[in-house]
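Everything on this sheet refers to the single structure shown next.
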Amino acid sequence: MREYLPAPIVFIGQFPPPLTGYSLATARLAERISQRQPLDVVNIAGVGSKGRFTFHLSRIARVAKALARIFYIRVGRGGWLAYTSCDGGLGVLYVLLIAAVVRACGMRLYVHHHSYGYIDRTRQLMRALLAVAGSRATHIVLSAGMAKALAERYGRPINSLVLSNAALIPTEPWKPRERMPDAPLILGMLSNLTTEKGLFIYLDLLKALRKAGLPCLGLLAGPLANEQDRPRFDAMREQLADSLRWLGPVQGAAKKAFFAEIDLFIFPTLYVYEAQPLVIFEALERGVPVIAYDRGTIGEQIRDAGLMVRRDADFVSTAESFINGLSTDLLGELTHKARTRFNEEKDTFSSIVDFF
């Protein structure tokens with residue numbers, strides 16, 4: 001007698017490479033769900049350089065494979081549920097096609113939103129996706145504020161489920177880092193280093209602090225993503241001299257060492273699609289307060305565990321003023337608030353597979 005195997009969930013998303021917060025979140029969610037539910041995973045990330053014709057051709061081919069898998073799982077295996085992650089920009093078009101096939105097959109659809117680009121501004125592709133997905137679709141969002149903003153932007157009720165990215169961050173035992181009262185503050189930044197992610201704003205902050213005579217050091221981690229930024233980056237590194245240390249890409253133990261060494265995490269992102277950066281939760285998990293621009297759901301992430309800089313404010317002067325007034329006692333208080341803030345998000349949304 002053949003053993004009965006339940007039909008898997010069709011799980012569609014962009015997986016590394018390239019390694020981004022979005023692709024990493026998708027990979028970690030798939031890993032967590034697969035521990036309790038069988039998955040039929042389809043990677044729809046493009047292959048190679050993003051601007052090349054072959055990149056787009058590979059995405060089209062992978063999306064076509066995803067559509068075929070939906071049909072096969074539904075008709076051949078009796079599957080009833082499909083999940084797809086949703087990025088910003090023209091990538092919404094692919095999600096729209098997936099949603100149309102899922103709905104035509106009579107399956108339940110979960111759309112996981114990872115972008116604020118179509119929430120900050122109305123996008124007709126997103127309006128079309130919401131219509132095609134229909135009222136039975138469940139939209140997985142990163143915070144309650146994101147659910148409210150999405151519904152208000154498009155003027156329609158959204159069947160939403162909040163899943164914080166904190167649920168995707170491994171948690172380890174923690175105790176506050178001991179530091180000498182007179183030791184210089186170590187300001188860290190970790191990202192794919194680009195202008196959009198705030199690289200040069202971070203370096204300008206270090207220059208301003210140095211000019212003001214504040215004892216601070218910069219610890220920078222991540223790859224320089226665009227070679228056209230190299231001349232400006234190298235020139236600013238030379239100006240900062242021993243006030244800045246660049247680690248390059250970090251993973252595993254090197255990433256843990258990075259967060260163990262810094263006092264404040266700086267994230268002056270200008271990225272238009274920014275929603276809920278995993279790296280901010282990684283900082284909070286290690287008890288590191290955060291100074292960041294208010295984009296996406298970052299304000300809900302940080303709350304009182306650091307400083308939120310308004311989009312229309314000057315990041316450098318605002319952060320410099322905050323750091324100048326940062327006493328040892330206040331830093332210690334913020335450190336505990338950072339870990340508490342992470343635990344609040346982790347505990348609230350740690351049951352990430354119960355909705356399937």
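The values are calculated or read from the model by the stated rules, or taken from the named source; none is laboratory data. Everything quoted here is computed from the prediction, not taken from an experiment. A quick note on method: Cβ atoms are made from the backbone with ideal geometry, for glycine too, and the neighbour counts reach across all protein chains shown. Areas reflect the complete protein model, heavy atoms only, side chains present, ligands, DNA and RNA absent. Shrake-Rupley method; radii C 1.70, N 1.55, O 1.52, S 1.80 Å.
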Task: Matching residues in the range 281-336 - criterion: being of a type in the set (G, A, S), open to solvent by 10 Å² or more (accessible area, probe 1.4 Å) and not in a helix (DSSP H, G or I) - done: G296, G306, A313, G325, S327
- [ ] Scan the strands (runs of 3 or more DSSP E) fully inside the range 122-218 and keep the ones with 2 or more residues being buried (at least 19 other Cβ atoms within 10 Å of the Cβ) and of a type in the set (A, V, I, L, M, F, W, C).
- [x] 138-141, 185-190
Task: Test result for E274, in contact (Cβ under 8 Å) with a residue 12 or more places away in the chain and either touching a Phe, Trp or Tyr at 6+ places or on another chain (Cβ under 9 Å) or open to solvent by less than 60 Å² (accessible area, probe 1.4 Å) (or both) - done: yes
Open item on the list: Residues that are over 20 Å from the mean Cα position of the chain (by Cα) and in a helix (DSSP H, G or I): does the range 19-26 have at least one?
Closed with: no
- [ ] With the condition kept exactly as written, say whether any residue in the range 237-253 is open to solvent by less than 90 Å² (accessible area, probe 1.4 Å), within 27 Å of I169 (Cβ to Cβ) and in a helix (DSSP H, G or I).
- [x] yes
Open item on the list: Please determine whether any residue of the range 20-40 is more than 24 Å from P170 (Cβ to Cβ) and either in contact (Cβ under 8 Å) with a residue 60 or more places away in the chain or buried (at least 17 other Cβ atoms within 10 Å of the Cβ) (or both).
Closed with: yes
- [ ] Could you please let me know if V92 is open to solvent by 50 Å² or more (accessible area, probe 1.4 Å), free of Cβ contacts under 8 Å to residues at least 60 places away in the same chain, among the hydrophobic types (A, V, I, L, M, F, W, C) and not in a loop (DSSP other than H, G, I, E, B)?
- [x] no
- [ ] State which residue pairs qualify: first residue among the polar types (S, T, N, Q) and inside the range 225-249, second residue open to solvent by 60 Å² or more (accessible area, probe 1.4 Å) in any location, beta carbons under 7 Å apart, and separation of 6 or more residues or different chains.
- [x] Q239/K207; S243/R210; S243/L217
